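A quick write-up on the structure given underneath.
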Amino acid sequence: MIGSQGFLRLAGDPLRWRLLTELARSDRHVQELTGLLDRPQNLVSYHLGKLRSAGLVSARRSSADARGTYYTVDLGRFGELLARTGSTVHPGLRLAPAAPLVPAASAGRTAARLLFLCTGNSARSQIAEALAVARSGGRVEAHSAGSRPRPLHPNAVRVMRERGIEVGSRQPKHLSIFAADQFDYVITLCDKVREVCPEFPGHPGYIHWSIPDPAAGGNDDATLPAFRDTAAEVERRMTYLLAGLAALAGKDPS
C-alpha cells in the first residue's frame, strides 16, 4: 500500500499531476493524452503505468476499437490518499465535502443542463439521466438518447427500482432529436457512441465515461449482476459530477 510520502512523490510529478487532472475530467485514451500534454506516447504510457501501479488509474479496453484502451482516474482512491496524507501532517486536517446542490424549488435556475448518450438508450444513459435528476434533487435538468435506440432493458428498470427510482415508463430516443438543443455538458457512456457523437450548439463540455454494455453476454438473469455493477459505477461517477457542478454553482460570477 502506498504511503503518504509515496503518494506525494507520485502525484507531485508535474506530468503525472496533469494526467490525473485530465482523467478527472473525462476518460481518455493514450493518444488523446499525448496530444493534450504534448508529450511522446512512451513517456505518457510510462507515467500512466506508475499511476496504475498505485491504484490511482485503471484501464479498460475500448468497445469501439479493441486495440485501444481508455484510462480512468479513481477519484475515490485519490480522495482517500489525500485525506490520509493530510491527517499524517496534522490530525486536524480533513477533506471537506462539496456543498450539495440547492433543490430546484428554492433556486432561480438549474445548475446545469445535461445530455447522456449511449448506443441503445436502453440502459446506461437512462440510468444516468434518472440518477442525475434524483441525486441532485431536481436541480439538474437531464436528458438521454442513443445512436441506435432500443427498448428500455428490464434489468435497467429493476436496478433503478432497487434504488427507489422508477424508470419503467421511459422511452428510448434518438440523439438527433436534441441536435438543435444547447447543453452545458454532453456525457457519453459508451465508446461506440463517442465515435459518432455530433457537435451540439453552444460548445458544451464533452465528458466520456467508458462503461461496458451490461446487456452484452447473456439473458436477463445472467446480466443482472452486470447491470447492478453498471448502476453502481454510474452513481459513483454521478456523485463527483454533481459535486463539481455544485462547486461551480457556488462560485462568485464576478
The listed residue being in contact (Cβ under 8 Å) with a residue 40 or more places away in the chain, of a type in the set (D, E, K, R) and over 30 Å from T21 (Cβ atoms), out of R228, R194: R228
Number of positions in segment 195-254 that are open to solvent by 70 Å² or more (accessible area, probe 1.4 Å), among the hydroxyl-bearing types (S, T, Y) and farther than 23 Å from R28 by Cβ: 1
Any hit, segment 89-112, residues being modelled with pLDDT of 80 or more, over 20 Å from E162 (Cβ atoms) and under 14 Å from the mean Cα position of the chain (by Cα): no
Residue list for segment 20-43, filter: among the aliphatic types (A, V, I, L, M) and closer than 18 Å to S62 by Cβ: L23, V30, L33, L36
Members of segment 18-76 found to be in contact with a strand residue (DSSP E or B) (Cβ under 7 Å, 6 or more places away or on another chain), charged (D, E, K, R) and either open to solvent by less than 50 Å² (accessible area, probe 1.4 Å) or outside any helix (DSSP H, G or I) (or both), listed by number: E22, D27, R28, R60, R61, D74
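The values are calculated or read from the model by the stated rules, or taken from the named source; none is laboratory data. These numbers were taken from a predicted model, which means no experiment stands behind them. Cβ atoms come from the backbone with ideal geometry, glycine included; neighbour counts cover every protein chain shown. For accessibility, only protein heavy atoms count, side chains too; no ligands or nucleic acids. Shrake-Rupley method; radii C 1.70, N 1.55, O 1.52, S 1.80 Å.
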